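Just below is one structure, and these are the notes that go with it.
The values are calculated or read from the model by the stated rules, or taken from the named source; none is laboratory data. Source: prediction; values computed, not measured. Neighbour counts run over all protein chains shown; Cβ positions are idealised from the backbone, glycine included.
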Amino acid sequence: MTVGVLALQGDFREHCTVLRRLGVEPIEVRLPRQLAQVERLIIPGGESTTIGRLLTIYQMLEPIRVRAGRDLAIWGTCAGAILLASTVTDQKQGGQPTLSLMNLTIQRNAYGSQLDSFEAPVAMPIIGEMPLRGVFIRAPRIVALGVGCEAVGWLEDGSVVAARQGRLLATTFHPELTDDDRVHRLFLEL
Amino acid sequence: MEKATWTTKVGLAQMLKGGVIMDVVTPEQARIAEEAGAVAVMALERVPADIRAQGGVARMSDPELILAIKQAVTIPVMAKARIGHFVEAQVLEAIGVDYIDESEVLTPADEEHHINKHKFRVPFVCGCRDLGEALRRIAEGAAMLRTKGEAGTGNVVEAVRHARAVYREIRRLQSMNEDELFTYAKQIQAPYELVKQVAAEGKLPVVNFAAGGIATPADAALLMQLGVDGIFVGSGIFKSGDPVKRARAIVEATTHYNDPEIIAEVSKGLGEAMVGINIDQIPTEQLMARRGW
């Protein structure tokens, strides 16, 4: 199994470190030729405007769209979740490129500025009973789920912070910044 | 729910890695930076090259300008406070900036004390020239570092010197035993616990960007290959002939820093770079990197 981490910008090294701990040697994906080698792809946290722009310039939007959910499983964390969503609100002026693969609506910077970044427990029954430590950094919010897309993670107030659509997974928080690798293990099985 | 934890402070810097943070002086420039792929902007009244040229006391920017820039973009907005000026920092926190740069580019307000950054909910980035300075700033609560370089010169030599110093000292630490670490911590005037941690992990506990003099895509890639996590470009973009093209090129070179063919491609036809200054022609008292202790 070949696992890639999109390495255009963001905390891709943190994802790579977790994967190595799990015995998987990841490929850093910056160009289409690296993308062609991988069967799973993590889109890390970072700035969705920056990553979207670089995906466009280096012609990776279409190659990802064509394979997504079929022979390419994808997990997006935070900025990655924004790139996966079919509808993004509070985009930058003039709009921004996204992959638009999962049937969900996501609101950017939904909790406010950096001062409103927070940590809170996340319930995610598909990985076990014990809640995750969720790290939310200028996080987006999943505001609506469409057909075929199911909620798989919640904050204590019931708001959805993780969603799954077949072999596509989105989390608005950062498991790669904690020692808990259960979401990475889930993704490797997806 | 816990807000503004150490993990979220350091975490935002981790999300900026592999990216370019650009100095901007108007909302329009901020939009250009965001459009070009900047991961964040530094909101300022004057870029360092102008501060250098105009002289006088350089202070925190007008909050109204910072707020206008915040309105214009969706990416994080940083702003500078003077070294030791904790009230400027309080003001910047009050208007909700995403990161504060306690910066030697502004005129220092306190020649002995840096800001006690643990007291703030907003995270801080600070400049450093070597490992000792880096660890002193972390001890005071900095959640992100940048090597200082020499701002407003368009000359990368000091940025290279400072990045090399930091990573050379980290490599040296890794070969030392505990007895030597105690002495080394004293020599570089850094807290022993942090020295021990860096020796064990072989890396800084927070993200470190390069700053001060980066003017071309190749400059950015050079610093990335030396080991920094990302790039600050101050005067280098909006003091050049074609800011839009140069901004995009520096973003791409920062991502593909190990790919000379791509760096060559993006370096073509960028127009004039900012006019550079040789460091030895700057009077010693005007060197910004010497501010801070």
### Message
Can you tell me how many residues within segment A:102-135 are touching a residue at least 40 places away in the same chain (Cβ under 8 Å), closer than 25 Å to B:Ala36 by Cα and touching a Gly at 6+ places or on another chain (Cβ under 7 Å)?
### Response
0
#### Entry: Which listed residue is modelled with pLDDT under 95 and either touching a Cys at 6+ places or on another chain (Cβ under 8 Å) or not hydroxyl-bearing (Ser, Thr, Tyr) (or both), from B:Gln29, B:Gln71, B:Gln54
B:Gln54
#### Entry: Matching residues, segment B:92-117, being away from every other protein chain (no Cβ under 14 Å) and over 17 Å from the mean Cα position of the chain (by Cα)
B:Ala109, B:Asp110, B:Glu111, B:Glu112, B:His113, B:Asn116
### Message
For segment B:70-88, give me the residue count where each residue is away from chain A (no Cβ under 13 Å) and out of contact with any Gly (no Cβ under 7 Å at 6 or more places or on another chain).
### Response
8
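Residue-wise test of (1) more than 10 Å from every other protein chain (Cβ to nearest Cβ); (2) closer than 26 Å to A:Leu55 by Cβ; (3) in contact with a strand residue (DSSP E or B) (Cβ under 6 Å, 6 or more places away or on another chain).
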| position | (1), (2), (3) |
| --- | --- |
| B:Lys3 | no, no, yes |
| B:Leu12 | no, yes, no |
| B:Met15 | no, yes, no |
| B:Gly55 | yes, no, no |
| B:Ala58 | yes, no, no |
### Summary
For segment A:92-112 the number of residues that are facing chain B (nearest Cβ under 8 Å) and surrounded by fewer than 17 Cβ atoms within 10 Å (Cβ to Cβ) is 3
### Message
Can you find a residue that is of a type in the set (Ser, Thr, Tyr) and closer than 29 Å to B:Pro108 by Cα anywhere in segment B:223-236?
### Response
yes
#### Entry: Index of the failed condition, B:Gly241 passing every other in (1) within 22 Å of the chain's Cα centre (by Cα); (2) more than 17 Å from B:Lys17 (Cβ to Cβ); (3) of a type outside the set (Asp, Glu); (4) in a loop (DSSP other than H, G, I, E, B)
(1)
### Summary
Counting only residues in segment B:17-34 that are over 14 Å from the mean Cα position of the chain (by Cα) and of a type outside the set (Val, Ile, Thr), the one farthest from the other protein chains (Cβ to nearest Cβ) is identified as B:Gln29
### Query
Looking at (1) of a type outside the set (Phe, Trp, Tyr); (2) closer than 24 Å to B:Gly55 by Cα; (3) in contact with a helix residue (DSSP H, G or I) (Cβ under 7 Å, 6 or more places away or on another chain); (4) away from chain A (no Cβ under 14 Å), can you tell me which one B:Asp130 breaks?
(2)
### Task
Please find, among B:Gly18, B:Gly11, B:Gly84, the residue that is under 23 Å from A:Gly45 (Cβ atoms), part of a loop (DSSP other than H, G, I, E, B) and of a type outside the set (Val, Ile, Thr).
B:Gly18
### Task
For segment A:1-79, please list each of the helices (runs of 4 or more DSSP H) lying entirely inside it that holds at least 1 residues being touching a strand residue (DSSP E or B) at 6+ places or on another chain (Cβ under 9 Å) and either within 14 Å of chain B (Cβ to nearest Cβ) or modelled with pLDDT under 95 (or both).
A:12-21, A:32-35, A:48-57
### Task
May I ask you to verify whether A:Ala170 is closer than 19 Å to A:Glu14 by Cβ, in a loop (DSSP other than H, G, I, E, B) and among the small types (Gly, Ala, Ser)?
no
### Query
What is the one condition in (1) out of contact with any Phe, Trp or Tyr (no Cβ under 7 Å at 6 or more places or on another chain); (2) closer than 23 Å to B:Tyr184 by Cα; (3) surrounded by fewer than 24 Cβ atoms within 10 Å (Cβ to Cβ); (4) not charged (D, E, K, R) that B:Gly141 does not satisfy?
(1)
### Message
I'd like to know if segment B:243-258 contains one or more residues that are polar (S, T, N, Q), touching a Pro at 6+ places or on another chain (Cβ under 9 Å) and at pLDDT below 95.
### Response
no
